[in-house]
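Worksheet: the structure to be examined is printed underneath.
The values are calculated or read from the model by the stated rules, or taken from the named source; none is laboratory data. Just so it is clear, the model here is predicted, and its values are computed rather than measured. Reconstructed Cβ throughout: ideal geometry from the backbone, glycine too, with neighbour counts over all protein chains shown.
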């Protein structure tokens, strides 16, 4: 019995210390198996986000662009409330279409057929483009109103804040880490 235990302990110890780091055995080289434990989370499709429908947090905007004067604060709040109200109207009027679109897009598996994928994009664009265009018009109106209220410095902060807010809603393109880490051909020089 003692010999059996000694052989078992020796065998387990040998196997434990003989494996390469990361526990990758089985004759595979480490380069073949991804070592990342990260799970890439796929962002769900949101028609509201793609169309640019969001509300400004009025107090946050006042704080970010540093509006101190009470009259200016009142005017900025009024303009933002008006904008938010218009966005709520658009959201309400398109809620059924957008809900159906969200369900459809999130239930779709990744299309292999390029023609079907192109057709799907066209349908999404048909639904979202008019809404996005009206949102852009409201943003232009809001920006024109704020130009008359804010100082130049505050205006720059506002536009920067607005740009970040809009960009945060747009879906990110997946990055292929293998492609980006690979040096370009031609010794790293680009053609001109």
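Summary table below
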| quantity | calculated |
| --- | --- |
| Test result for residue 40, assigned to a loop (DSSP other than H, G, I, E, B), exposed (fewer than 12 other Cβ atoms within 10 Å of the Cβ) and modelled with pLDDT under 85 | yes |
| Matching residues in segment 128-145 - criterion: being in contact with a helix residue (DSSP H, G or I) (Cβ under 6 Å, 6 or more places away or on another chain) and either under 14 Å from residue 80 (Cα atoms) or outside any helix (DSSP H, G or I) (or both) | 138, 142, 145 |
| Condition met for residue 78 (closer than 30 Å to residue 150 by Cβ and either in contact with a helix residue (DSSP H, G or I) (Cβ under 8 Å, 6 or more places away or on another chain) or surrounded by 14 or more Cβ atoms within 10 Å (Cβ to Cβ) (or both)) | no |
| Residue in segment 49-60 that is nearest to residue 129 (Cα to Cα), counting only those that are assigned to a helix (DSSP H, G or I) and in contact with a helix residue (DSSP H, G or I) (Cβ under 6 Å, 6 or more places away or on another chain) | 51 |
| Top-ranked residue in segment 101-118 [being out of contact with any helix residue (DSSP H, G or I) (no Cβ under 9 Å at 6 or more places or on another chain) and part of a helix (DSSP H, G or I); ranked as modelled with the highest pLDDT] | 103 |
